[in-house]
Amino acid sequence: MRYLLTMMVGLFVITVGVEPVFSREILKKAQSQSFNVQEDTTMEVHKKKSPTGAMFRSLAIPGWGQFYNEQYVKSALVFAGETTLIALSFYYNSQAGSRESGSVDEAYYKDRRNLMYWLLGAVVLLSMLDAYIDAHLYDFDAGPDLSMRIGTLDIPTGQQIGLSIRAGF
């Protein structure tokens, strides 16, 4: 354990300590020589999110996958939903344990507890799927080219109600 901790601290020091020195050396060489460097201002940077990472984050901690995808409200809702189901399953389990064995009340609380387990499993799977899909669609541009307009269509024979959908590709 001590060896592993020493290795981790050493790797951290090397990673953090070597990079600035390396960067300073390159900067000094670049400043000492004259370069004609032009920046490309047309290049766009697309941030990517790992779908698998988001999915496993959502499995590990309720709402973490949604938080990773910068869906903060959805993250709070998922966290609240999953923790509520966990709390209810603990409550029903304790109520079932405090009832007389074989009684109708014990069976009721055990059924409720099992229902909470099933609902929790469904919510966890749905939140994992949601985090996975949101990570895939993280850099999707839903700009003004995608629009829908409900109104009247001007037709020479008269006005009629219609639906217009425009999509630019």
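In nm, what is the difference between 0.36 nm times the number of residues separating Ala60 and Ala122 and their Cα-Cα distance? Can you show the working numbers first?
Working: separation 62, 0.36 × 62 = 22.32 nm, distance 1.49 nm.
Using 0.36 nm per residue and subtracting the Cα-Cα distance, I get 20.8 nm.
Roughly what would the spin-label model give for Lys47 and Ala80, points 7 Å off Cα along C-beta, in nm?
If labels sit at Lys47 and Ala80, their model points lie 2.5 nm apart.
Would you mind computing Rg(Cα) / (2.2 N^0.38 Å) for region 51-136, counting N as its residues? If you can, show how the numbers build up before the last one.
Details: Rg = 15.7 Å, N = 86, 2.2 N^0.38 = 12.0 Å.
Relative to the 2.2 N^0.38 Å estimate, region 51-136 comes out at 1.32.
So how far apart, in nm, are the two label points at Tyr108 and Tyr91 if each is 7 Å from Cα heading toward Cβ?
1.5
Quick check on packing: order 55-64, 99-108, 75-84, 114-123 by the mean number of other C-beta atoms within 10 Å, highest mean leading. Can you show the working numbers first?
On the way: 55-64: 18.9, 99-108: 11.1, 75-84: 16.9, 114-123: 14.8.
Top to bottom by mean Cβ count within 10 Å: 55-64, 75-84, 114-123, 99-108.
Rule-based calculations on the coordinates, nothing more; no lab input. Here the structure is a predicted model, which means the values were calculated and not measured. A quick note on method: Cβ atoms are made from the backbone with ideal geometry, for glycine too, and the neighbour counts reach across all protein chains shown.
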